[in-house]
Amino acid sequence: MLDLIRRKQKTAVVKLVFWTIIAAFVGTIFLVWGKGRDSDGQPGSVAVTVNGSDIAYQDYQRAYSNLYQLYQNIYRDQFNPALERQLGLKEQAINQLIEQTLLIQEAKSQGMKVSKKELVDSIAEIPSFQENGAFSKNRYLEVLAYQRISVEEFEALQKQQLLAGKVQDQLQQGTAVSDQDIEAEYVNQNEKVNLAFLSLAPALYETRVKIDEEALKSYFEQNREAFRQPESIALSYLVFEPAKYRDQITLSEEELEKYHRRHLDQFDIQEQAKASHVLIKVPADASEETRTKKRELAQKVLDEARAGKDFAELARKYSDDTGSAAKGGELGYFNRGTMVGPFEQSAFNLKPGDISEIVETNFGLHIIKGEGYIEAGVKPLAEVLDQVKQGLREEKAQRLAFEKAMDAYNINRKAGDLAAAAKANELGLKETGLFTRGEPVEGLGAAPEITDLAFTLQQDELSRPIKHAGGVVLFAVKERRESRLPELQEVRVKVEEAYRQAKGKEFAGETAEKILAALKDGASLQELADKHKEKVEETDFFTRSYGAFIPRLGSSEEVSKVAFDLTAEAPVAPQVFEIDGRFVLVTLKERQQADLAQLDDTLKGQLRDSLLARKKDEAVSAKLDELRKNAEITIAPALISALEGNGRK
């Protein structure tokens, strides 16, 4: 197979529209089926069954894991659990696997097959398997080995992708875009509306709420469950601090060498260059005459430098980089990626003492002198011995602390005697106050790994040791209070606050409905705003391309649907909208029609391409909806629980 691919390495690209293998190689190589983070799921178990075809839990974990890594690379520091839930990565992974399975089943039902040549050509054209634009057997095997997948497994999966692609190609055949479609799309993209609106915030109506004792009691009784006191517990615990055991640690030469090898990334020596420069600034809007004079000056400096004049003096005299000119043009050592491209490329190619040609960047013209170079590498053990000793000592102390905690657990778990464990290990027994799930724990702070386990324990049952905040914690439940419904006086402050919010929302909603009725009777929005001490605002102009987002209002599918149906004759939206907890009334302020005279041939071509792509996607989506509607899909209960825990309704 590999030899055949090499013979076919220059053939045409096999077009795969489907989103899996080829798209996945852009970021994480096997987005759906490939290697992900190590799974502690249920290897060998079934996650989903689609018309009798099983999707392994391991495949789901891999798909989810690679989606996770993909979005983590996109959002970087902004990627957090809340964003993960918002993106619905678990649902995405399941849907991708289900849809791929449905397409493959459809292909087989139609008798579609993938020839050996089609498979060979498609693999040969995957960029991740190429070197210098050509298929490389070694690269192919290296990538698959890194992804922990065999050649046979990958080729089987690639064959499935090709089958899915054939179904897509068939579904997209005959898709066409008419001139009427293009004009309608142009209007959709360019017609604009500006809405005037009132936004009533319930919080501003809470001041009108008066607390009536009987009404408050009635509200509390109707909503008592909302004020339920959650289960709470208090812990007794021991902390095994690694610092307590550092003096007991011995370090052998072999251990130091192993630690150094395992942590080479900590001892990297980055490639660095040291340089000085003279900068002749050239304004971006400089005339040709000015540019010529600046280059002549730069050439003069270069000639003098190469003639042996002191480079530092030249920098002080001519350089426009005031920061470095005072230091004789000296920039010190810098890593790759620090300087702009042309400057960096030249500086890293210079030997100490060499002077560059004139280098042009967006800052101007540079004459660069090489001052030094540090080659990339790894610091030897002898050079970082103290750092290695400190790291290894800390690592072994943490391990010993955990072993001590584990010994204490094993010895005392049957009796649940934490006091005996404290005495045997010369540790102080500590206690927390009562806390509920998700609350910080007195003395331990935010410790979900501890609280999650604690609420599963019985009274006086010892937990297994848990690593926390650099130490190891062994704990038991000292006290437990079951969840219960409170009396009004226990939660009166919270009840009054909730009552005010509920009544404030009720008042705001009633006011909004009154304003809407008046608008429909012909009253002006401004008059009604003045009457109710509200402010008329405008969205400013926006197009349909904004989707559900309405400027200055937020996201509202309902408003986006009616906005472009409003006219000068019927400018009032027919209902009150609730957006982000506010009650919103909308009227048409102004409309700007799309100018079809601006629809030239170039724009028509662009719109035709985008419309055609959209229609093709819609054709596939429609077929997938049909297949899914008629499919027998069973999701494992454990996976359903995971999805529900992710916020899926």
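The values are calculated or read from the model by the stated rules, or taken from the named source; none is laboratory data. These numbers were taken from a predicted model, which means no experiment stands behind them. All Cβ positions, glycine included, derive from the backbone under ideal geometry; neighbour counts span all protein chains shown. For accessibility, only protein heavy atoms count, side chains too; no ligands or nucleic acids. Shrake-Rupley method; radii C 1.70, N 1.55, O 1.52, S 1.80 Å.
Points to keep in mind about this one:
- Straight Cα distances below 12 angstrom link Lys281 to the aspartates and glutamates Asp320, Asp321, Glu360, with same-chain residues fewer than 8 positions distant left out.
- Rounded to 0.05, the FRET efficiency of the Gln130 and Ala286 pair, given R0 = 41 Å and the Cβ-Cβ distance, is 0.45.
- Estimated vicinal HN-Hα couplings, Hz - region 241-246 in sequence order (Karplus 6.51, -1.76, 1.60; Gly, Pro = x): 8, x, 4, 5, 10, 4
- Remark: region 260-384 carries 58 Å² of accessible area per residue (probe radius 1.4 Å; ligands, DNA and RNA excluded).
- Potential lengthening of the chain between Tyr146 and Arg492 amounts to 118.5 nm, from the contour at 0.36 nm per residue minus the alpha-carbon distance.
- Cα centroids of region 282-327 and region 504-525: 71 Å apart.
- Potential lengthening of the chain between Lys514 and Asp310 amounts to 65.0 nm, from the contour at 0.36 nm per residue minus the alpha-carbon distance.
- Residues of region 210-253 with an amide N closer than 18 Å to a point placed 7 Å from the Cα of Glu442 along the Cα-to-Cβ direction: 230-239.
- Residues of type aspartates and glutamates that Lys629 reaches as a straight line, Cα spacing below 13 Å, ignoring anything fewer than 8 places off in the same chain: Glu99
- For the residue pairs Lys116/Lys137; Lys217/Lys503; Lys327/Lys379; Lys258/Lys379, the C-alpha atoms sit more than 23 angstrom apart in Lys327/Lys379.
- Cβ-derived FRET efficiency at R0 41 Å, Asn410 paired with Ile640, nearest 0.05: 0.65
- Each label was represented as a point 7 Å from its Cα along the Cα-to-Cβ direction; for Gln170 and Glu241 these points are 7.1 nm apart.
- Where GluC sites (Glu not before Pro) fall in DSSP loop in region 154-213, at most 16 other Cβ within 10 Å: Glu191
- Candidate aspartates and glutamates - alpha carbon under 13 Å from Lys615, same-chain residues fewer than 8 apart omitted: Asp169, Asp181, Glu185
- Stokes-Einstein diffusion coefficient of region 279-347, Kirkwood radius over Cα pairs, 4 °C, 1.567 mPa s, in µm²/s: 97
- Measuring nothing but protein heavy atoms, the accessible surface of region 330-423 at 1.4 Å probe radius is 47 percent carbon and sulfur.
- Counting all C-alpha pairs of region 484-623, share separated by more than 23 Å (%): 56
- Mean residue ellipticity, 222 nm, helices only, the chain: the sum of -39500 (n - 2.57) across DSSP H runs of n ≥ 4, divided by residue count and rounded to 500, is -14500 deg cm²/dmol.
- For region 406-557, the mean projected area of the C-alpha convex hull, equal to one quarter of the hull surface, is 17.1 nm².
- Label point at Ile633 placed 7 Å out along Cα→Cβ; residues across region 72-92 whose backbone nitrogen lies under 12 Å: 91-92
- 3J(HN,Hα) along region 322-338: 4, x, 9, 4, 5, 9, x, x, 5, 10, x, 7, 8, 8, 5, x, 7 Hz, from the Karplus curve 6.51 cos²θ - 1.76 cosθ + 1.60 with θ = phi - 60°, whole Hz, x for Gly and Pro.
- For region 108-208, trypsin sites (Lys or Arg not before Pro) meeting the loop criterion (DSSP other than H, G, I, E, B) and having at most 14 other Cβ atoms within 10 Å: Lys113, Arg148.
- Isotropic mean projected area of the C-alpha convex hull, region 292-389 (nm²): 8.0
- Extension gain for the segment Asp54 to Asn425, taken as residue separation times 0.36 nm less the Cα-Cα distance, is 128.4 nm to one decimal.
- Base-10 log of normalised Debye intensity for region 93-195 (one unit scatterer per alpha-carbon) at q = 0.12, 0.13, 0.21 Å⁻¹: -0.63, -0.69, -1.11
- With semi-axes defined as the square roots of five times the eigenvalues of the C-alpha gyration tensor, the equivalent ellipsoid of the chain measures 50, 47, 37 Å, largest first.
- Lys, Arg +1 and Asp, Glu -1 on Cβ, resulting dipole of the chain about Cα centre, debye, nearest 20: 1200
- What the Cα atoms of region 147-287 give is an Rg and a Dmax of 36.1, 83 Å.
- Listed cross-link partners Lys117/Lys166; Lys274/Lys389; Lys90/Lys561 are compared with a 20 Å cut-off, the Cα-Cα value being larger for Lys274/Lys389; Lys90/Lys561.
- Residue list for region 557-590, given a label point 7 angstrom along the Cα-to-Cβ vector of Lys531 and an amide N cut-off under 16 Å: 585-586
- The phi-based Karplus calculation (6.51 cos²θ - 1.76 cosθ + 1.60; θ = phi - 60°) puts the 3J(HN,Hα) values of region 635-640 at 9, 4, x, 4, 6, 4 Hz, whole numbers, x for Gly and Pro.
- FRET E, pair Ser109, Lys379, Förster distance 35 Å, beta-carbon r, rounded to 0.05: 0.05
- Low-density loop cleavage sites - GluC sites (Glu not before Pro) in region 457-512, where at most 15 other Cβ are within 10 Å (DSSP): Glu461, Glu482, Glu487
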